[in-house]
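Each remark here refers to the structure printed beneath this line.
The values are calculated or read from the model by the stated rules, or taken from the named source; none is laboratory data. Here the structure is a predicted model, which means the values were calculated and not measured. Cβ atoms come from the backbone with ideal geometry, glycine included; neighbour counts cover every protein chain shown.
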């Protein structure tokens, strides 16, 4: 009996020690990160949270799918829309030409997927440029002109490190013809640019980049995650962008799922003129729900943001989900809202 009592006491002590160490360790490994050289626009914001060395969405670790989950989906799962997907002949339309490069007008030009050329207040920017096939994934639409013609870009905006948004082959080509380009990236996304000798700025959420013009560029939250290899899960941050020139505001979401950040962004930046929101790669839901918006969710996000014009992106260029390639457009068209503006690749929207 005495022996049992000692064993129980020892177990209780071990449990107490384990819980104490675990709680202490969690506090020790939770840190707040921001760029102290940049302005923070949200009062009392301490920075992006990292837990155990990994960036998180807001204040906790989300349950994300592992490479094994993705492998199981790709290899072993069946797609209930397989026949519909196979029969879908939807293709984006392409307008060829590079006149927009040489124009002086403020504008937005879709280059496919999440890539946009934007001129605002005379400053030129390009978002998440990816112009080639991805590993094992074909690009279904060309770009309006040769990459060598895309010159005079002032700033490169990268929302996160996923390969369909951060493509080194495309970046190498753009940098070669834009040697003075400066990269504006979320925290810990600069290693590629350091190696290339390219100017860069890293920002945390709610921080303002230093721009030498009247244009203002802010990194805002997105609900997403990041991984390029097996051992770098969430080692780099992600985000969305607000571009503001005088009274004109453009919101570029990057990749995101639904979250309170849309309401927060709307409060800080009311009267957004153009919302560039992703609408593809949302099926199967159990894989995609915490990473991407469905067309219905993107429409809801647009309404929360209070934007004037919704430009859908992240569909039709690469086949990344189980849904048919043209389904996002068909779903959005059913809303019958004239604020939704579908662009052809290479189409110019004058601001």
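For this structure, a couple of remarks:
- All positions within the range 267-295 that are in a helix (DSSP H, G or I), at pLDDT 95 or above and surrounded by fewer than 19 Cβ atoms within 10 Å (Cβ to Cβ): 267, 268
So that you can scan it fast, the table gives a plain yes or no per residue for (1) touching a residue at least 12 places away in the same chain (Cβ under 8 Å); (2) within 20 Å of residue 33 (Cβ to Cβ):
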position: 163; (1), (2): yes, no
position: 168; (1), (2): yes, no
position: 174; (1), (2): yes, no
position: 178; (1), (2): yes, no
position: 211; (1), (2): yes, no
position: 226; (1), (2): yes, yes
position: 232; (1), (2): no, yes
position: 256; (1), (2): yes, yes
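- Hey, residue 191 closer than 23 Å to residue 222 by Cα and in contact (Cβ under 8 Å) with a residue 12 or more places away in the chain or not: no
- Output for the range 144-160, where each listed residue is farther than 17 Å from residue 218 by Cβ and surrounded by fewer than 23 Cβ atoms within 10 Å (Cβ to Cβ): 145, 146, 147, 148, 149, 151, 152, 153
- For the condition modelled with pLDDT of 95 or more and over 14 Å from the mean Cα position of the chain (by Cα), residue 223 does not qualify.
- Those residues of the range 111-130 which are in contact (Cβ under 8 Å) with a residue 40 or more places away in the chain and outside any strand (DSSP E or B), in sequence order: 111, 112, 113, 114, 121, 122, 128, 129, 130
- When residue 100 is tested against (1) assigned to a loop (DSSP other than H, G, I, E, B); (2) touching a strand residue (DSSP E or B) at 6+ places or on another chain (Cβ under 6 Å), just one condition goes unmet, and that condition is (1).
- Residue 37 meets all of the listed conditions (1) in a loop (DSSP other than H, G, I, E, B); (2) at pLDDT 95 or above; (3) closer than 19 Å to residue 221 by Cβ but one, namely (3).
- Test for residue 153: is it within 29 Å of residue 344 (Cβ to Cβ), free of Cβ contacts under 8 Å to residues at least 60 places away in the same chain and in a loop (DSSP other than H, G, I, E, B): yes
Here's the yes/no breakdown for (1) part of a strand (DSSP E or B); (2) at pLDDT 95 or above; (3) within 17 Å of residue 124 (Cβ to Cβ):
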{"site": "194", "(1), (2), (3)": "no, yes, no"}
{"site": "201", "(1), (2), (3)": "yes, yes, yes"}
{"site": "213", "(1), (2), (3)": "no, no, yes"}
{"site": "236", "(1), (2), (3)": "no, yes, no"}
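- Considering 241, 310, 218, the condition of being in a strand (DSSP E or B), touching a helix residue (DSSP H, G or I) at 6+ places or on another chain (Cβ under 9 Å) and either under 28 Å from residue 52 (Cα atoms) or without any contact (Cβ under 8 Å) to a residue 24 or more places away in the chain (or both) is satisfied by 218 alone.
- The range 296-323, subset out of contact with any strand residue (DSSP E or B) (no Cβ under 9 Å at 6 or more places or on another chain) and crowded, with 22+ Cβ neighbours inside 10 Å, residue farthest from residue 73 (Cα to Cα): 323
- Those residues of the range 199-214 which are more than 16 Å from residue 270 (Cα to Cα) and buried (at least 23 other Cβ atoms within 10 Å of the Cβ), in sequence order: 202, 203, 204, 205, 207
- Test: residue in the range 74-95 that is surrounded by 12 or more Cβ atoms within 10 Å (Cβ to Cβ), over 19 Å from the mean Cα position of the chain (by Cα), touching a residue at least 12 places away in the same chain (Cβ under 8 Å) and more than 26 Å from residue 282 (Cα to Cα): yes
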